[in-house]
Number of protein chains: 2
Amino acid sequence: MAKMFKALGDPIRLRLLSLIAAHPDGEVCVCDLTGLFDVAAPTISYHLKHLREAGLVDHDRRGTWVYYRPVRERIHRLSLLLASSDLAVPAP
Amino acid sequence: MAKMFKALGDPIRLRLLSLIAAHPDGEVCVCDLTGLFDVAAPTISYHLKHLREAGLVDHDRRGTWVYYRPVRERIHRLSLLLASSDLAVPAP
DNA sequence: CTCATAGTTAGACAGATGTCAAAATAAAGT
DNA sequence: ACTTTATTTTGACATCTGTCTAACTATGAG
């Protein structure tokens, strides 16, 4: 669980996941992501790998391009943990 | 936002927040926390400071003891971000 | 005032993390 | 086959993190 939160604990990765999850097609080509950040392509690749290893995104290659999509069930589980009465219900 | 996730990205801190948030009294004395972990007291102090600086917990001193409580509004906000349609709604 | 207890801060250190340039791999076009 | 484009891997490096012990601060008891 901590591993997933850790993956979200970097500004670039958090934004990457938002971009991937918000895309209308349900997936995003890496080529459309690299241009949006101030860091070089290998660094984006490094962060995508982190998100992958945390189980928050999935990827597959089609031709020369690689597409990433969110693993919504995993993201949802995080949200539930934070929303659980133990953690987030505002005191009555 | 990433700062809050980062704070949760360590197993000790995640467990600390759970313990603090789950306590029936709504707050926990540090003295009741240190014994529950395998690390020395200063390390717990270090992690509590992290949670504090991320705005996830609040603290105050009463006599010799220091009590921590969750900032549920902040935790809730994280949960909402993950639950927002962009991120976590399972595809229909 | 001194002492004991609870907690934090300071300093040191090994190991993890984020970044880049350069090299490697993958696939498609000529 | 060779080239070009897209992406990942590698190796190097500086910085950040988590941990400890030792020293410090704060409070209450005797």
Listed residues A:Ser18, A:Ser84, A:Ser79; which is away from DNA strand D (no atom under 13 Å from the Cβ), in contact with a helix residue (DSSP H, G or I) (Cβ under 7 Å, 6 or more places away or on another chain), of a type outside the set (A, V, I, L, M) and within 26 Å of B:Ser79 (Cβ to Cβ)? A:Ser79
Given (1) more than 13 Å from DNA strand C (Cβ to nearest atom); (2) without any contact (Cβ under 8 Å) to a residue 12 or more places away in the chain; (3) under 12 Å from the mean Cα position of the chain (by Cα), A:Ser84 misses just (3)
Residue count, region B:22-46, condition away from DNA strand C (no atom under 11 Å from the Cβ) and open to solvent by 60 Å² or more (accessible area, probe 1.4 Å), comes to 5
Within region A:47-60, can you find the residues that are surrounded by 15 or more Cβ atoms within 10 Å (Cβ to Cβ) and either in contact (Cβ under 8 Å) with a residue 40 or more places away in the chain or among the basic types (Lys, Arg) (or both)? A:His50, A:Leu51, A:Arg52, A:Ala54, A:Gly55, A:Leu56, A:Val57
Residue by residue through region B:4-14, note down the ones that are more than 12 Å from DNA strand C (Cβ to nearest atom) and in contact (Cβ under 8 Å) with a residue 12 or more places away in the chain. B:Met4, B:Ala7, B:Leu8, B:Ile12, B:Arg13
Can you tell which of B:Arg62, B:Arg69 is in contact with an Asp or Glu (Cβ under 8 Å, 6 or more places away or on another chain), over 16 Å from A:Met1 (Cβ atoms) and charged (D, E, K, R)? B:Arg69
Return the residues of region A:1-21 that are within 7 Å of chain B (Cβ to nearest Cβ), under 16 Å from A:Pro70 (Cβ atoms) and open to solvent by 10 Å² or more (accessible area, probe 1.4 Å); say none if nothing qualifies. A:Leu14, A:Ser18
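The values are calculated or read from the model by the stated rules, or taken from the named source; none is laboratory data. Treat the numbers as computed from the prediction; the structure is a model and nothing was measured. Glycine gets a Cβ as well: all are built from the backbone with ideal geometry, and neighbour counts include every protein chain shown. Heavy atoms of the whole protein, side chains included, go into the accessibility calculation; ligands, DNA and RNA do not. Shrake-Rupley method; radii C 1.70, N 1.55, O 1.52, S 1.80 Å.
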